[in-house]
Structure formats: structure tokens, C-alpha cells
Amino acid sequence: MRESSVTGIQRGVSRGLHGQIVEVMADRILSGQIPEGATINVTELQADLGVSLTAVREALKVLTAKGLVDARQKRGTFVRPRSDWNLLDADMIRWHFKDADSRPELLEELHEVRGIVEPAAARLAALRSDDADLTALDEALAGMESADDNLAAAAADLAFHRALLAATGNELLTKMEVIMETGLADRDRLVHTVKPSDDPIPSHRLVVDAIRAHDPEGAELAMRELLAKAAEDLTEVRGSTRRRRR
């Protein structure tokens, strides 16, 4: 096992050994260190991790529930095909975005999902939002205005997009926050680090203004423009990052 993984487990005991084992095993699978279709020798894995066999088996139960592994008689425990993985699971999304810096396609996929979901969500919000929804959006904008560091700004941005989904009145759409949350946090971290002076508030306020005016076309357009600006920011950040690495 890589030394960093062992150290991670040892340091993570106080935060939950079980959770640390799950994350190390998931990382090996998601990174391809243990490829799709590979058989997992549970006894060897237990010795490698330096934990009990019971702990490994409990961790495998979690990964089984997420579609990463399975077990069959005569074949043993094995990694399932990627097409079987539960990629919408909150933990799976978080594990994927841990490596977002080296896998920029993840942020591209997030942007594609947002481009499909959020303009339609803004349109619905303009038709269905109530006073409580508008208050939540206003509070998120206020949080963005008062944020004094990147962490606070990212939290306020997440609050805005959660409030937008909630304002649709569609319970299934509100669950899309599971996809948005981790990816948006990672994107905000990258963008705010490279462009700390960039002001995202006006583009967000235009969306809220259109929702408050019950203008579905205007809300959808404002959200599309916000997303276009987000795409430009991400492209600029990547270019800056590549230049620094040369």
C-alpha cells in the first residue's frame, strides 16, 4: 500500500477508522489502481491496510452499496464495471472531486449538468417561488456580499444555488444539490484563488430580480449568462494554472 494511504488511516482513527478505510479503498478503485473487473484479495488487503478483517469487510459492504464492488461464489470480491457505479451518490461525487485538479473533465461535466438544470430551474422558480424562497435567495446574496474570505464566499454561493433549486417547488430537482455541492465548492476554490477581485454578485442578482418579477424568460436568460461567465472564469483559471506549472 502507498505510504500516504497508510498514514491517512493512522491519522484518521479519531475521525473514524471505518470511514478512512472506505475512502482509501474507494480511491484505489476510482484511480484505477484496482481496475474494473479485478478480484480483490480480502486477506491481502487487510494485511496491507493493517486493520482487522472485520473492518475491511464492513468497508466492502459500503462500497457494495455504492455499486463499486460485488462478490460471487467461486469468483470472490471484485470491482464492478464503471457503468454500475452509483455516480450520483454524495460520497462518490466527493471522492471524484478530490482529484478534480488533475481531472479537469469533472468540472466540464459539472458545467454541462448545470447548463441543463439551472436555466430550467430559474424559469420554474420565476413561476413558482414564494416569499420564503425569495428571502432565501436574498440571504444568499447578502452572504456573498459580506463574505470576507474564499470559504465564506463559496458557502454563500452554494446557499444561492440550493435556494434556486428549492424555489422550483420540484422535490426531485432539489436533490440535484448533491451533484452541485461538491463540484461547485471545488470550482469556487479554484476561481476565487486566481481571481479574488472578480465580483459574482451582479450576475446572481440579475437572476433573483427576474425571479422576483415572475419573468421566466428573463430568469432563464440571466442564469445562462451567469453560467457563461462561470465557464469563462474556469477557462481563465485553467490557463493561469497551466502557465504557473511551466
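The values are calculated or read from the model by the stated rules, or taken from the named source; none is laboratory data. Worth saying up front: this structure is predicted, and the values here are computed from it rather than measured. When we count neighbours, we look across all protein chains shown, and the Cβ atoms used for this are built from the backbone with ideal geometry, even at glycine. Please note that ligands, DNA and RNA were not included when accessible areas were found on the heavy atoms of the full protein model with its side chains. Shrake-Rupley method; radii C 1.70, N 1.55, O 1.52, S 1.80 Å.
What to note about this one:
- Applying the criterion of being within 13 Å of the chain's Cα centre (by Cα) and free of Cβ contacts under 8 Å to residues at least 60 places away in the same chain to the residues of segment 106-122, the residue that is surrounded by the most Cβ atoms within 10 Å (Cβ to Cβ) is Glu109.
- Screening segment 33-71 for residues that are surrounded by 15 or more Cβ atoms within 10 Å (Cβ to Cβ) and part of a loop (DSSP other than H, G, I, E, B) and picking the one that is farthest from the chain's Cα centre (by Cα) gives Val51.
- Cβ-Cβ under 6 Å pairs, at least 6 apart or on other chains, segment 217-246 side under 18 Å from Glu109 (Cβ atoms), far side modelled with pLDDT under 70: Asp233/Val191; Val237/Leu190; Val237/Val191; Val237/Val194
- Helices (runs of 4 or more DSSP H) within segment 82-198 that include 3 or more residues at pLDDT below 85: 90-97, 105-128, 150-166, 177-194
- Scanning segment 144-165 for residues that are of a type in the set (A, V, I, L, M), open to solvent by 50 Å² or more (accessible area, probe 1.4 Å) and within 19 Å of Leu110 (Cα to Cα) turns up just one, Ala155.
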